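So the structure is just underneath, and the comments pick up after that.
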Amino acid sequence: MLKERVFSGIQPSGNLTIGNYLGALKNFSVQQDLYDCIYCVVDMHALTAGIKAEDLNRYSYEILSLYLAADLDPEKSIIYFQSHVPAHTELQWILNSITPLGQLSRMTQYKAKAEKHADNIYAGLLNYPILMAADIMLFDAKYVPVGDDQRQHLEFTRDLVEKFNSIYGETFVMPEMLATKTGTRIMSLQNPAAKMSKSDEDINGAIYILDSEKDIKKKIMRAVTDSVGVIAYNKDQAGLKNLIDIYSSFTDLSPDDIVKKFDNQGYGTFKKELVEVVVDGLRPIQNRYNEYMSNKDQLEEIYRSGAKKARKLANAKIKEVCDKIGLIEL
Ligand code: TRP
């Protein structure tokens, strides 16, 4: 039986946080046994972040190595760089022509980013969701594992699928969001109301996958809690709740188990143990990551073979699309 297709991508635009790890990467390796998976380093998306050339280059290798360190297997999944498959941008251009400008300009992520950089808003930022839709549609992905913050982009993709199919006839698969098992949303250590983000300006808010033990310790010990002083799991103690979620995600103990385990103990004791849990949880990934990063030849072999497989699938789809819309076949 044919497995259903999964497509996901991470932008090489910053250091990945444990939020990216727990919410996405950690599940990718499980998904690859259940589905026909494609994991892309979406480097063309990162261009919209106004990134310096050397940073884009370094982060691209980093994300690829982190995919592999998190047990993505290039024999089971297709792993590649978006820019190595020109069909992404070809399809994006085609989809441009059926995308309502109004809908694009109302996207919440676009509005938030545009507000932040009001003096220099580029077309790439506005058109970002079309490229993301093209990524997904190009491979007829049925499932897209992304966090809640990408829900609107997925809805947007679904609208484009419906629109294209209704104008030109059944061509693309309708994608759905693949919710993560735990649904854990890791929040900033400094502001538990905001998501832990790789673009957070406050570096104490985020623990990065590649952080040293010393930094992890510093950030966790400084994490915002409350003055209640009792270990409990509820939304009124949001900072503590977030720390318990992190503990839970790394150990597979439930929040209740953790509350019981630390009954009558202070936040300090809990935080110290959390440091160990996080450091131990990240160590194997960091070790594997370092091995991959020190072997660029091996990385090249992997991304080349991934691009080859992705290009084959993508080119067949582009051919079908060009035919549907009336472009003359070469
Ligand atoms: N926009 C996604 C994010 O910021 C990254 C992304 C680009 C993506 N293309 C994709 C995710 C296709 C899933 C599928 O997280």
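Per-peptide packing, taken as the mean over residues of other Cβ atoms within 10 Å, places 145-158, 219-232, 6-19 in the sequence 6-19, 145-158, 219-232 from highest down. Along the axis of the charge dipole computed for the chain (Cβ charges of +1 for Lys and Arg, -1 for Asp and Glu, origin at the Cα centre), the listed residues Phe81, Tyr267, Leu25 are led at the positive end by Tyr267.
Checking the Cα-Cα distances for Lys76/Lys308; Lys3/Lys142; Lys26/Lys217; Lys214/Lys271; Lys241/Lys261; Lys163/Lys324 against a 19 Å cut-off, the pairs over it are Lys26/Lys217. In this rough spin-label picture, where each label sits 7 Å from Cα along the Cβ direction, the Glu213-Gln152 distance is 4.3 nm.
When the accessible area of the chain is split by element with a 1.4 Å probe, what percent falls to carbon and sulfur? List each step's numbers first, then the result.
Details: 8170 of 16540 Å².
Percent of accessible area from carbon and sulfur atoms in the chain: 49.
The P(r) of segment 203-290 has a tail past 14 Å containing 63 percent of all C-alpha pairs. If you take the Cα centroid of segment 1-59 and the Cα centroid of segment 132-163, the two points sit 14 Å apart. Here Glu201 and Glu329 are evaluated by their C-beta separation; at R0 = 41 Å the FRET efficiency comes out at 0.25. The charge dipole of segment 203-290, taken about its Cα centre with unit charges on the Cβ atoms of Lys, Arg (+1), Asp and Glu (-1) only, comes to about 320 debye. Which entries of Lys195/Lys235; Lys113/Lys218; Lys235/Lys272; Lys116/Lys198; Lys218/Lys272 show an alpha-carbon separation above 18 angstrom in the structure shown? Violating the 18 Å limit, Cα to Cα: Lys113/Lys218; Lys235/Lys272. Mean residue ellipticity at 222 nm from the helices of the chain, using -39,500 (n - 2.57) per DSSP H segment of n ≥ 4 over the full residue count, to the nearest 500 deg cm²/dmol? Counting only the DSSP helices, I get -17000 deg cm²/dmol.
For the chain, what is the charge dipole size about the Cα centre, in debye to the nearest 20, if Lys and Arg each add +1 at the Cβ and Asp and Glu each add -1 at the Cβ?
I would put it at about 220 debye.
When you count the other C-beta atoms within 10 angstrom of each residue and take the mean per peptide, 279-287, 47-55 line up highest first as 279-287, 47-55. Contact order normalised by length for the chain, with contacts defined as Cα pairs under 8 Å and 6 or more residues apart; what percent is it? Normalised by residue count, the contact order of the chain is 22 percent.
The values are calculated or read from the model by the stated rules, or taken from the named source; none is laboratory data. Keep in mind that what you see is a predicted model, and the values were worked out from it rather than measured. Heads up, the Cβs are rebuilt from the backbone with ideal geometry, glycines too, and the neighbour counts pull from every protein chain shown. What goes into the accessible areas is simple: the full protein's heavy atoms, side chains included, and nothing from ligands, DNA or RNA. Shrake-Rupley method; radii C 1.70, N 1.55, O 1.52, S 1.80 Å.
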